[in-house]
Amino acid sequence: MKGLKLTAVRFLRYLYQAHLSSPAHQREIYREIRQHAPTRIVQIGVGDGVLAQQVIDFSQQYAGETQIEYTGIDMFEARENKDGLPLKQAHKCLVATGAKVKLTPGTASMALPRLANSLPNTQLLLIAADQETSNVNAAISWLPRMLTENSVIFWERLGDDGLHMEKLSLSHFAAETQARRAA
């Protein structure tokens, strides 16, 4: 009976996160987590840490006995708008989830050259809207070292209708890299 209750609670939580949670543009992340159960997650732009905590917590439901490995890249205290968590506070909050947490100060173009080789088989890559596109594009050549063809990338973008998530794959970036080399 206890297992049935746990399954029902997990399913109700999934329904809420994937269909009713706010902000609405992040709901697709939870549908992806349920479908593919990623255990190695990288986030560029940790910000206030809320999404990181929710993604780790939600992923743990589907990871079984495997510990979630989370890597966060952010400017932390050096953020221009001072709108994110300080490094120590972010670490404290995220370690409390039970995940194996690695936080690296910097931008994508600063951190990925140092980290890419230590992050093979990253299953889920999240890129926040507050990250400069040019900075992320400068780090794209490092993604093939981290990602596989099954990896999923969610890039939060600001459009005319507000924030939305763009779902991408490694092949998208490979095509972009090829186009740049040809030009």
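The values are calculated or read from the model by the stated rules, or taken from the named source; none is laboratory data. This is a predicted model, so every value here is computed, not measured. Counting neighbours? That spans all protein chains shown, and the Cβs are built from the backbone with ideal geometry, glycine included. Just the protein is used for accessible areas: all its heavy atoms, side chains included, with ligands, DNA and RNA removed. Shrake-Rupley method; radii C 1.70, N 1.55, O 1.52, S 1.80 Å.
Note on the range 1-72: enclosed helices (runs of 4 or more DSSP H) holding 1 or more residues that are within 22 Å of V136 (Cα to Cα) and in contact with a Phe, Trp or Tyr (Cβ under 8 Å, 6 or more places away or on another chain) are 27-36, 50-62.
Checked against (1) in contact with a Pro (Cβ under 9 Å, 6 or more places away or on another chain); (2) surrounded by 18 or more Cβ atoms within 10 Å (Cβ to Cβ); (3) polar (S, T, N, Q), Q131 passes all but a single condition, namely (1). Taking the range 88-103 as the region of interest, how many residues are surrounded by fewer than 16 Cβ atoms within 10 Å (Cβ to Cβ), among the hydrophobic types (A, V, I, L, M, F, W, C) and either in a helix (DSSP H, G or I) or in contact with a Pro (Cβ under 9 Å, 6 or more places away or on another chain) (or both)? So the count comes out to 1. The set of residues in the range 61-87 that are closer than 30 Å to L12 by Cα, out of contact with any Gly (no Cβ under 9 Å at 6 or more places or on another chain) and either open to solvent by 40 Å² or more (accessible area, probe 1.4 Å) or not β-branched (V, I, T) (or both) comprises Q61, Y62, A63, G64, E65, T66, E69, Y70. Could you go through the range 52-61 and let me know if any residue there is among the β-branched types (V, I, T), without any contact (Cβ under 8 Å) to a residue 12 or more places away in the chain and closer than 25 Å to A116 by Cα. Checked against the condition, which is being among the β-branched types (V, I, T), without any contact (Cβ under 8 Å) to a residue 12 or more places away in the chain and closer than 25 Å to A116 by Cα, the range 52-61 yields no hits at all.
Checking the stated criteria, L163 turns out not to satisfy the condition of being under 17 Å from the mean Cα position of the chain (by Cα) and modelled with pLDDT of 95 or more.
I'd like to check something: does the range 104-126 contain any residue that is surrounded by 19 or more Cβ atoms within 10 Å (Cβ to Cβ), over 24 Å from T148 (Cα atoms) and touching a Leu at 6+ places or on another chain (Cβ under 9 Å)? There is no residue in the range 104-126 that is surrounded by 19 or more Cβ atoms within 10 Å (Cβ to Cβ), over 24 Å from T148 (Cα atoms) and touching a Leu at 6+ places or on another chain (Cβ under 9 Å).
Within the option set L143, L112, being within 13 Å of S169 (Cβ to Cβ), touching a helix residue (DSSP H, G or I) at 6+ places or on another chain (Cβ under 7 Å) and either in a helix (DSSP H, G or I) or not acidic (D, E) (or both) holds for one residue only, L143.
The C-beta contact set for the range 164-180 (first residue in a helix (DSSP H, G or I), second residue modelled with pLDDT of 70 or more and open to solvent by less than 60 Å² (accessible area, probe 1.4 Å), distance under 6 angstrom, 6+ apart or interchain) comprises L170/L147; L170/S151; F173/I140; F173/L143. Looking only at the range 35-52, residues that are crowded, with 18+ Cβ neighbours inside 10 Å and farther than 19 Å from L168 by Cβ come to 5 in all. Please count how many residues of the range 135-156 are under 26 Å from A24 (Cα atoms) and open to solvent by 60 Å² or more (accessible area, probe 1.4 Å). Of the residues in that region, 1 qualify.
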